[in-house]
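**Student:** Below are the structure tokens for one structure; questions will follow.
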Amino acid sequence: MSDKSKKKLTPTQQEYQAFAKRREPKRPVFKNSLKAFLVGGIICTIGQGFQWFYMTFFDFTETTAGNPTVATMIILSVILTSLGVYDHIAQWAGGGTIVPVTGFANTLASAALDHRSEGFVLGVGGNMFKIAGPVITYGVFSAFIIGLIAVALKALGGM
Amino acid sequence: MLQGHQSWVFQSRPVILASAAVGGPFEAKGALADDFDLLHDDLRMGQDSYEKAEKKLLEDACNKAIEKAGKKKEDVQFFLSGDLINQIISSSFTARTLAIPYLGIFGACSCSMEGLALAALLVDSQSAELVLAATSSHNSAVEKQFRYPTEYGSQKPPTAQWTVTGAGAALLGQEGNGLRVTAATIGRVVDMGLSDPFNMGGAMAPAAVDTIQAHFRDLGSDPSHYDLIATGDLGQVGHQLASDLLKKHGIEMPDEKFTDCGKLIYTRKQPVIAGGSGCACSAVVTYGHLFNRMYRGELNKILVVATGALLSPLSFQQKESIPSIAHAVVIEKEERE
């Protein structure tokens, strides 16, 4: 709770919130970070394995192997999401399953699954990006701003 | 009859002719599986959406309660029901199926006791001979509406709760054998400014305490008058808070008498974090488990305090705090001491 919103609270509310805060189970931040590190690392290692696989057995270079690797990881994540397994792994792993591309695929697939009952257009189409939307919106927006800065620096002869 | 500031005492002692509790597959693995009348092994109950599945649960519970009482739905004058889905469609659509004159109610997860109190009032005031009060919730339908998609991989904090998939219904009448509804206390909305939708127990605990205190004040009673006092769906975190808050307010509540439906319904092995929640939580535990304990003679007089968090997905996104409410109903075994 921020200080700004705390100011609007009555003394009774403030007292209760402090009372409740003392009794709230603490989030195990260190344990969660450790788990996230472990699972995130495992996911990336699997990805690395696929990259080597595509480079060794197919005609891919280190740069071009990225595309089939990401595609494979996405498919795996979507399959695990559809089977109802991904959210259970995620409850244990936290950030470890959200940050890699598998997490992004999960946001799309889970939203699409949930809203299938409202049809393909308004349901799946309209809601698939419900959670992933902000990532795309602000990802594109920040890329645009960074691009502008880069162009400006170049024009000034800075780069 | 009004007693005190916000309580009703039902002189005619309306009878609970029958009650029914219906649950889903996750509840079937829970601690109270034996107390359900019907358990579904399919989360979708053979329907093509979770919303339709919830309607099915509610229809099942209503039909079961009417059937157990040996009545026909044509005999029932009024149907009172509420749920969590937008515009309480589960209740309204069930009312369409039942074709019983219907009053839709909303008190979030306090719908169970709100409905039961109003049903008792209708029967007590001779406005009806038979009234059916019911409520339902479905884990996936609620998650989808209030939080994230069901299969979305986000880590829930230790205060998060698990919405119960199920439905409960009770049929009240003027005469007959069964448990009796003797009093009710209608709660006021309490808002302590908490806004974390993953800590509903913490937000609702003050409402439960407020209603319990009001109940004791209005009826001149105390915890010793009851064999059990059960809150609706505060979960581990909220129930502890309510217990501590009562102590702070000078009410001696023995731990063995004070429980929470959200703590009872699942086993410790199930990944429900802080416990159960949802409209169905207090409904199935009361109409199934607690009533069965009363029939067996283990309990003679109980106070059920169903708690509700009156937020909407919109209000929470607009950074509004969570207003909460609690309604208490006294249920007694037939014989008076």
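The values are calculated or read from the model by the stated rules, or taken from the named source; none is laboratory data. Small disclaimer: the values here were computed from a predicted structure and weren't measured. Glycine gets a Cβ as well: all are built from the backbone with ideal geometry, and neighbour counts include every protein chain shown. These accessible areas exclude ligands, DNA and RNA; they are computed on the full protein's heavy atoms, side chains included. Shrake-Rupley method; radii C 1.70, N 1.55, O 1.52, S 1.80 Å.
**Student:** Please report the spacing between the Cα centers of region B:279-323 and region B:175-194 in Å, no decimals.
**Tutor:** Value for the Cα centre distance between the two parts: 10 Å.
**Student:** Which one of B:I273, B:P254, B:P197 is farthest out on the positive end of the charge dipole of region B:180-332, using unit charges on Cβ (Lys, Arg +1; Asp, Glu -1) and the Cα centre as origin?
**Tutor:** Positive-most Cα among the choices belongs to B:I273.
**Student:** For the protein assembly as shown, with all protein chains present and a 1.4 Å probe, just round the carbon and sulfur fraction of the accessible area to a whole percent. Working shown, then result.
**Tutor:** Working: 13600 of 22690 Å².
On the protein assembly as shown, the fraction of accessible area on carbon and sulfur atoms equals 60 percent.
**Student:** Please compute, over every Cα-Cα pair in the protein assembly as shown, the percentage with a separation greater than 28 angstrom.
**Tutor:** Here the long-distance tail beyond 28 Å is 56 percent of all Cα pairs in the protein assembly as shown.
**Student:** While we're looking at this one, here's another question. Distance in nm between label sites at A:W92 and A:I136, each 7 Å beyond Cα in the beta-carbon direction?
**Tutor:** Here the answer is 3.2 nm between the modelled labels.
**Student:** Another question, if that's okay. Could you work out the relative contact order of chain B, using alpha carbon pairs under 8 angstrom and six or more residues apart, expressed as a whole percent?
**Tutor:** 25 percent
**Student:** Moving to a separate point now. If Rh is defined by the Kirkwood formula over all Cα pairs and Rg also comes from Cα, what ratio Rg/Rh do you get for region B:184-314?
**Tutor:** 0.95
**Student:** Calculate for chain B the 222 nm mean residue ellipticity that helices alone would give, adding -39,500 (n - 2.57) per DSSP H run of length 4 or more and normalising by residue count, nearest 500 deg cm²/dmol.
**Tutor:** -9500 deg cm²/dmol
**Student:** I need to check one value: relative contact order of region B:1-148, counting alpha carbon pairs closer than 8 Å and at least 6 residues apart, in percent.
**Tutor:** 24 percent
**Student:** Can you work out ³J(HN,Hα) from phi for every residue in region B:119-127, in order, using Karplus 6.51 cos²θ - 1.76 cosθ + 1.60 and θ = phi - 60°, giving whole Hz and x for Gly and Pro?
**Tutor:** 4, 5, 5, 4, 5, 4, 8, 6, 7
**Student:** Hey, another quick one. What whole-number value in Å² describes the accessible area per residue of chain B for a 1.4 Å probe?
**Tutor:** Value for chain B: 36 Å² per residue.
**Student:** Sort largest first and round to whole Å: the equivalent ellipsoid semi-axes of region B:117-264, each the square root of five times a Cα gyration tensor eigenvalue.
**Tutor:** Value: 29, 23, 13 Å, ordered largest first.
**Student:** So what is the orientation-averaged projected area of chain B, using the convex hull of its C-alpha atoms, in nm²? Don't skip to the end; give the middle numbers.
**Tutor:** Working: hull surface 61.5 nm².
Spelled out: convex hull of the Cα atoms, projected over all directions, averaged, 15.4 nm².
**Student:** Indicate the residues belonging to region B:170-193 that lose 30 Å² or more of solvent-accessible heavy-atom surface (probe 1.4 Å) upon moving from the chain alone to the assembly of all protein chains, ignoring ligands and nucleic acids.
**Tutor:** B:M192, B:G193
**Student:** So, one more: Just add up the charged neighbours of B:S7: K/R +1, D/E -1, any other residue whose Cβ is under 9 Å from the Cβ of B:S7. Don't skip to the end; give the middle numbers.
**Tutor:** Values: positive: B:R217; negative: B:D218.
Residues close to B:S7 contribute a combined charge of 0.
**Student:** Sticking with this one: Leaving out ligands, DNA and RNA, calculate the buried accessible area for the pair A and B with a 1.4 Å probe, summed over both sides, in Å² to the nearest 100.
**Tutor:** 2800 Å²
**Student:** Taking each residue of A:10-16 in turn, how many C-beta atoms of other protein chains fall within 10 Å of its C-beta, and what is the average?
**Tutor:** Mean partner shielding for this stretch: 4.
**Student:** Using the Kirkwood radius over Cα pairs, work out the Stokes-Einstein diffusion coefficient for region B:1-137 at 37 °C and 0.692 mPa s, in µm²/s as a whole number. Walk me through the numbers before you get to the answer.
**Tutor:** Numbers: Rh = 15.6 Å.
After rounding, the answer is 211 µm²/s.
**Student:** Run through every distinct alpha carbon pair of chain A and return the Kirkwood hydrodynamic radius in angstroms, one decimal place.
**Tutor:** Every distinct Cα pair counted, the radius reaches 19.6 Å.
**Student:** Can you list the residues of region B:115-151 that have at least 50 square angstrom less accessible area with all protein chains present than in their chain by itself, probe 1.4 Å?
**Tutor:** Relative to the lone chain, where solvent access is computed with a 1.4 Å probe, region B:115-151 loses at least 50 Å² at B:K144, B:P149, B:E151.
**Student:** Throw me the Rg/Rh for region A:20-100, computed over C-alpha atoms with Kirkwood Rh, two decimals.
**Tutor:** Radius of gyration relative to Kirkwood radius: 1.15.
**Student:** In a shell of Cβ-Cβ distance under 10 Å around B:P158, excluding B:P158 itself, what net charge do Lys and Arg (+1) and Asp and Glu (-1) give?
**Tutor:** Computed value for this residue: +2.
**Student:** Report the Cα centroid-to-centroid distance between region A:116-130 and region B:4-33 in angstrom, as an integer.
**Tutor:** 37 Å
**Student:** So for chain A, averaging the separation of alpha carbon pairs under 8 Å that are six or more residues apart and normalising by length, what relative contact order in percent results?
**Tutor:** Details: 108 pairs, mean separation 27.5, N = 159.
Result for chain A is 17 percent.
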